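Right, one structure below, let's go through it.
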Amino acid sequence: MRLADRVALITGAARGLGKTYSMALAAQGASVFLTDRSSCENVVSSIIQSGGSAASCISDVSNMSDCQAAAGMAMSEFGRLDILVNNAALYGSLERGHFETLPESQWDDVMAVNVKGTWHCSKAVLPAMRDVGGGSIINIASLAAVYGMPQGLDYVASKAAVIGMTRAMARELGDEKIRVNAIAPSAVMTEGTSEFFGDRFEKATSAIAQMQILKHRMEPEDLVGTLIYLASDDSLMVTGQTHMVDGGSWFL
């Protein structure tokens, strides 16, 4: 139980990676507070049935008031906040295409959730982390940002911004013992990836796996080890880093 007595807030936790992250943190002893635009009650129930501690609320990370309310509810429920996983992002529902054809409204939505949402949630948890003398903020970036994935400039730009924010926030928060790191996965076999690639899913994910040194289609569980490392005291001297979990696709 490497996270006993810790409390984690996970955004975008209703399904996919967010669900896996939440269950993994709970399995290591953390109390977890889940947020999403959709209900997380099924995930909360699964965690409680497994002996863990969890609660949730509906929240839109693009709205600062929602983020502050979520942090407040987590504090009311569990009394502290030690870990934030900025996982909420627009991805699977995005229209793919050449950058000059992308709808401007979609661009704005992606930046509001993927970039501004990361900023909002990080600001919202700071008072609680300061109260306990430190914490760990884990931002979810993407291989797409460093590879330069075509046909998805809005998503690529948003995840590149997350990497930049990780570095700047780490420098600003280090004196307060708040670590800020990022995880940049390759395509993971989630509902969002299936939706993003559509009828090209099998061909695209097979090609991505073949591009890797470790030729394996990534599952959500493949990210758990890195997540727990960054959330725990094992990484007390690690901050500002982007950890590529991509089977060896890219060296950063």
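Assorted remarks:
Per-residue answers, yes or no, for (1) buried (at least 17 other Cβ atoms within 10 Å of the Cβ); (2) over 22 Å from Leu94 (Cα atoms); (3) in contact with a Cys (Cβ under 9 Å, 6 or more places away or on another chain); (4) without any contact (Cβ under 8 Å) to a residue 12 or more places away in the chain:
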{"position": "Val110", "(1), (2), (3), (4)": "yes, no, no, no"}
{"position": "Asn114", "(1), (2), (3), (4)": "yes, no, no, no"}
{"position": "Lys123", "(1), (2), (3), (4)": "no, yes, yes, no"}
{"position": "Gly133", "(1), (2), (3), (4)": "no, yes, no, no"}
{"position": "Ile137", "(1), (2), (3), (4)": "yes, yes, yes, no"}
{"position": "Ala141", "(1), (2), (3), (4)": "yes, no, no, no"}
{"position": "Ala145", "(1), (2), (3), (4)": "yes, no, no, no"}
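- Criterion violated by Arg200 - all others in (1) closer than 16 Å to Ala144 by Cβ; (2) surrounded by fewer than 17 Cβ atoms within 10 Å (Cβ to Cβ); (3) in contact (Cβ under 8 Å) with a residue 60 or more places away in the chain satisfied: (3)
- From the list Gly72, Gly12, Gly51, Gly79, the lone residue that is touching a residue at least 12 places away in the same chain (Cβ under 8 Å) and surrounded by fewer than 24 Cβ atoms within 10 Å (Cβ to Cβ) is Gly79.
- Flag: Val245 does not match the condition of being touching a residue at least 40 places away in the same chain (Cβ under 8 Å), farther than 26 Å from Asp154 by Cβ and buried (at least 17 other Cβ atoms within 10 Å of the Cβ).
- Considering the stretch 15-39, the residues that are of a type in the set (D, E, K, R) and crowded, with 21+ Cβ neighbours inside 10 Å include one that is farthest from Asn86 (Cα to Cα), namely Lys19.
- A single entry from Met211, Met149, Met169, Met189 fulfils the requirement of being without any contact (Cβ under 8 Å) to a residue 12 or more places away in the chain and more than 14 Å from the chain's Cα centre (by Cα): Met149.
- Of all the numbered requirements in (1) in contact with an Asp or Glu (Cβ under 9 Å, 6 or more places away or on another chain); (2) outside any helix (DSSP H, G or I); (3) surrounded by 17 or more Cβ atoms within 10 Å (Cβ to Cβ), Asn181 misses one, and that requirement is (1).
Residue-by-condition table, conditions (1) in a loop (DSSP other than H, G, I, E, B); (2) of a type in the set (S, T, N, Q); (3) modelled with pLDDT under 95:
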| residue | (1), (2), (3) |
| --- | --- |
| Glu195 | no, no, yes |
| Gly198 | no, no, yes |
| Glu202 | no, no, yes |
| Ser206 | no, yes, yes |
| Ala209 | no, no, yes |
| Ile213 | yes, no, yes |
| Val224 | no, no, no |
| Leu230 | no, no, no |
| Leu252 | yes, no, yes |
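- All positions within the stretch 219-252 that are more than 16 Å from the chain's Cα centre (by Cα) and among the hydrophobic types (A, V, I, L, M, F, W, C): Leu236, Met237, Val238, Trp250, Phe251, Leu252
- Test result for Val110, under 22 Å from Lys19 (Cβ atoms), of a type in the set (Val, Ile, Thr) and in a helix (DSSP H, G or I): yes
- Odd one out for Glu95, checked against (1) over 30 Å from Ala4 (Cβ atoms); (2) in contact with a Cys (Cβ under 9 Å, 6 or more places away or on another chain): (2)
The values are calculated or read from the model by the stated rules, or taken from the named source; none is laboratory data. Only a predicted model underlies this, so the values are computations on that prediction, with no experimental measurement involved. Every residue, glycine among them, receives a Cβ derived from its backbone with ideal geometry; neighbour counts consider all protein chains shown.
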